[in-house]
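First up is the structure itself, then whatever we jot down about it.
Each reported figure results from applying straightforward, stated rules to the coordinates on display, with no laboratory input. Quantities reported herein were computed from a predicted structural model and do not represent experimental measurements. Neighbour counts run over all protein chains shown; Cβ positions are idealised from the backbone, glycine included.
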Amino acid sequence: MVTASWEGDHRKWYIVAYRIPDFGTQLHELSHDFLYFNYTGCEEYPWFKEGSGMYYESGAFAANGRLDIRRPMPEYHRLFLEWRARDRLIPLSRLITMKRDEFYREDYARTYSQSKIFYFYLMVRHRDVMARLYEHLNSQRITRNDQLVDFIVKYAGVPLAGMEREYIRYGEDVGGK
């Protein structure tokens, strides 16, 4: 378990491992801090923050010390598939525009698992776009959610409706690959 509180202008972390070692949770929370300082818009629209957190949490350190991220954590992938099977996925256009209160009030199994699968899809199918996006986030040329979404759609060359179909298909296929 990881939690933080604000002390002045910075966060103070409290980490209680529920696995030893618990690098996944630490990477998840550190990805939040990175985005907090480079893209504050993620606090208002948390899909990107939670998607990236789940992406990095899915990784494992290889023998050479590098972070190896191959596929989504099985438990959240399973939740995504369950929501898909019930035809209860949140439409992508809504997921990526959900404000903080709505996102966290919704069933986490839907918001987190869908944000994770969508982020994985972007990192796997549109890796170059994501690299460019992070350059823009690092230089704070993108500061709002609408800019982030427009950037992804423009440079991926796929309209949002098409991206929704592709990421769902990716989520259905990724588990065994």
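Annotations
- In the chain, the calculated helix contribution to ellipticity at 222 nm averages -18500 deg cm²/dmol per residue, counting -39,500 (n - 2.57) for every DSSP H run with n ≥ 4.
- Between Phe61 and Asp68, the built amide H atoms are under 5 Å apart, and every one of these is 5 or more places off in sequence or on another chain.
- Close Lys pairs in the chain (alpha-carbon distance under 22 Å; sequence gap of 8 or more, or different chains): 7.
- The calculated FRET efficiency for the pair Gln147 and Tyr104, based on their C-beta separation and a Förster distance of 30 Å, comes to about 0.85.
- By other beta-carbon atoms within 10 Å, ranking Met123, Met163 with the fewest at the front produces Met123, Met163.
- Positive-end residue, the chain charge dipole about Cα centroid, Cβ charges, pick of Phe103, Phe61, Gly8: Phe61
- D by Stokes-Einstein for segment 2-176, Kirkwood Rh over Cα pairs, 10 °C, 1.306 mPa s: 95 µm²/s.
- Taking segment 2-176 and dividing mean pair separation by its residue count, relative contact order in percent (alpha carbons under 8 Å, at least six apart): 23 percent
- Cα-centred dipole magnitude for segment 2-176, charges only on beta-carbon of K, R (+1) and D, E (-1), debye, nearest 20: 360 debye
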